[in-house]
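J.: The structure follows.
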Amino acid sequence: NKSVACSELMMCTASSSDAIKVYVRVRPPSEGTALTDGDQGLCLSVLSSNTIRLHSKPEPKIFTFDYVANMESTQESVFSSVAKNIVESCMNGYNGTIFAYGQTGSGKTFTMMGPSDSDNFTHSLRGVIPRSFEYLFFLIEREKEKAGNGKSFLCKCSFIEIYNEQIFDLLDSASAGLLLREHIKKGVFVDGAVEQVLSSAAEAYQVLTMGWRNRRVASTSMNRESSRSHAVFTITVESMEKNNEIVNIRSSLINLVDLAGSERQKDTHTEGLRLKVTKFPNHSIPVLCVS
């Protein structure tokens, strides 16, 4: 069945210093999938580093993206192609967002986080989010060494879940639904979301692990399944540099997003609240991450 022999996910990045870019990662066939016709049994083929051919009928279609990661692409190469520039732009004072979009099972959580059955964010298969932590703190330490005592950094993070257009704080499992607010200086933000100070990638791992576990607990106790909700991990970076009597303060943030599955309603056989969720346009995500 060509429609299920392979799958793809889209990764979109947006930075205040650059245009929105769209990347595609092609997931290998699921274990146990038999391809009797070799590569001809796949639903698509990668033609180049930015082009794919969809094996549609009656004629195949060709699509072009900013970057295409084939089935052999590693987690490290995906991070380098998709996220590295966004983290660097954050260090230069620009806001950025990275999110993965695709149907359930296309590899969103694996790409963004790593294997779903592991809380170890230091293994070789760790995803974009933990690798972004590592690179960000590497750049911060490098800047500190260059500037000496004249420059300091403050990193804070928040971790929220958006379900049915309601916002929940994954760092405070007892919190009720939170609200979006707009501030003349801060822009759009989540009012009441817990912000934790980070001093290393290891601390960021701990916060990510705690929030992810809260998400799993909430999935059971409140009937919220991860495939039907969005998880947004936001890191705010503030730098202060003293030059003679002048103090320059710069603030920027990165939104790292694991989106809900985007499969068609008729393929999911959902009903009731879950059907209602799939019908909702995701108003909160673009407002929160792009504004």
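The values are calculated or read from the model by the stated rules, or taken from the named source; none is laboratory data. Quick caveat: nothing in here was measured; it's all calculated off a predicted structure. Here the Cβ positions follow ideal geometry from the backbone for every residue, glycine too, while neighbour counts run over all protein chains shown. The accessibility values were calculated without ligands, DNA or RNA, using every heavy atom of the protein model including side chains. Shrake-Rupley method; radii C 1.70, N 1.55, O 1.52, S 1.80 Å.
J.: Accessible area of segment 68-150 with a 1.4 Å probe: how many percent of it is carbon plus sulfur?
T.: On the way: 1700 of 3630 Å².
Taking all protein chains in place, segment 68-150 shows 47 percent carbon and sulfur surface.
J.: Here's something else I'd like to know. How big is segment 88-220 in terms of Cα radius of gyration and Dmax, in angstroms?
T.: 16.2, 49
J.: Leaving ligands and nucleic acids out of the surface, order Ser252, Ser45 by accessible area at 1.4 Å, largest first.
T.: On the way: Ser252 5, Ser45 35 Å².
So, going from the largest accessible area down, we get Ser45, Ser252.
J.: Something else about it: Listed highest first by mean packing, meaning other Cβ atoms within 10 Å per residue, what order do 141-150, 76-85 come in? Could the numbers behind the result be given before it?
T.: Working: 141-150: 11.2, 76-85: 17.7.
Ranking the peptides 141-150, 76-85 by packing returns 76-85, 141-150.
J.: Ranked highest first by average number of other Cβ atoms within 10 Å, how do 189-202, 58-71 line up? Kindly include the intermediate steps, with their values, before the conclusion.
T.: Details: 189-202: 16.1, 58-71: 13.7.
Going from most to least packed, we get 189-202, 58-71.
J.: Here's a follow-up. Would you mind checking the pairs Lys84/Lys186; Lys108/Lys185; Lys21/Lys156; Lys108/Lys144; Lys185/Lys242 and listing those with alpha carbons more than 28 angstrom apart?
T.: Pairs exceeding 28 Å: Lys108/Lys185; Lys108/Lys144.
J.: Please give the Cα centre distance for segment 60-90 versus segment 123-143, rounded to the nearest Å.
T.: 17 Å
J.: Over segment 106-178, what is the mean sequence separation of C-alpha contacts under 8 Å (at least six apart), divided by residue count, expressed as relative contact order in percent? List each step's numbers first, then the result.
T.: Working: 55 pairs, mean separation 10.3, N = 73.
Reported relative contact order: 14 percent.
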